[in-house]
Amino acid sequence: MRKRDIVLKISEKTGIKQVKVKEVVQMTFDTLLEALKEGQRIELRNFGIFQVKTRKKRIGRNPKTGEVVPVPERKIVVFKPGLDMKKHIK
């Protein structure tokens, strides 16, 4: 499912013009992104939790040459599904 599909579904269900729905959906995604950039945890009840975690630096290996390669520390976004989502997916 793409953002466009989300906009179409919301527009059909609410009767609001697609242009307005697209603006609101984009603002929602932008707000979530800004919060994650600031390191905030986003908790959406019954849906799930988004948070930024830091992966420690480690030593990796190039599978082609077998050469040891240092992998730097980096930040990743992690999602943990909520209870309702787990029930619906099962």
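The values are calculated or read from the model by the stated rules, or taken from the named source; none is laboratory data. A quick note: this is a predicted structure, and the numbers were derived from the prediction, not measured. Every residue, glycine among them, receives a Cβ derived from its backbone with ideal geometry; neighbour counts consider all protein chains shown.
Please verify whether LYS3 is charged (D, E, K, R), outside the structural domain of VAL69 (by TED's automatic domain parsing), closer than 22 Å to MET85 by Cα and in contact with a helix residue (DSSP H, G or I) (Cβ under 7 Å, 6 or more places away or on another chain), treating the condition exactly as stated. Walk me through it before giving the result.
On the way: charged (D, E, K, R): yes; outside the structural domain of VAL69 (by TED's automatic domain parsing): yes; closer than 22 Å to MET85 by Cα: yes; in contact with a helix residue (DSSP H, G or I) (Cβ under 7 Å, 6 or more places away or on another chain): yes.
For LYS3, the condition - charged (D, E, K, R), outside the structural domain of VAL69 (by TED's automatic domain parsing), closer than 22 Å to MET85 by Cα and in contact with a helix residue (DSSP H, G or I) (Cβ under 7 Å, 6 or more places away or on another chain) - is met.
Looking at (1) out of contact with any Asp or Glu (no Cβ under 9 Å at 6 or more places or on another chain); (2) more than 23 Å from ARG41 (Cα to Cα); (3) surrounded by 11 or more Cβ atoms within 10 Å (Cβ to Cβ); (4) basic (Lys, Arg), which is the one condition that is false for ARG61?
Among (1) out of contact with any Asp or Glu (no Cβ under 9 Å at 6 or more places or on another chain); (2) more than 23 Å from ARG41 (Cα to Cα); (3) surrounded by 11 or more Cβ atoms within 10 Å (Cβ to Cβ); (4) basic (Lys, Arg), ARG61 violates only (1).
Does the stretch 28-44 contain any residue that is surrounded by 13 or more Cβ atoms within 10 Å (Cβ to Cβ), charged (D, E, K, R) and at pLDDT 95 or above?
Looking for residues that are surrounded by 13 or more Cβ atoms within 10 Å (Cβ to Cβ), charged (D, E, K, R) and at pLDDT 95 or above, one finds none in the stretch 28-44, hence no.
Which of the residues belonging to the stretch 11-23 are surrounded by fewer than 12 Cβ atoms within 10 Å (Cβ to Cβ) and either touching a Phe, Trp or Tyr at 6+ places or on another chain (Cβ under 8 Å) or of a type in the set (A, V, I, L, M) (or both)? So that I can check it myself, show each step before the final result.
Initial filter on the stretch 11-23 (surrounded by fewer than 12 Cβ atoms within 10 Å (Cβ to Cβ)): 12-15, 17, 19.
Across the stretch 11-23, the qualifying residue is only VAL19.
Here are some residues: ILE49, ILE76. Which one is surrounded by 10 or more Cβ atoms within 10 Å (Cβ to Cβ) and either in contact (Cβ under 8 Å) with a residue 12 or more places away in the chain or farther than 28 Å from GLU34 by Cβ (or both)?
Numbers: ILE76 fails: surrounded by 10 or more Cβ atoms within 10 Å (Cβ to Cβ).
None of the other options fit; the residue is ILE49.
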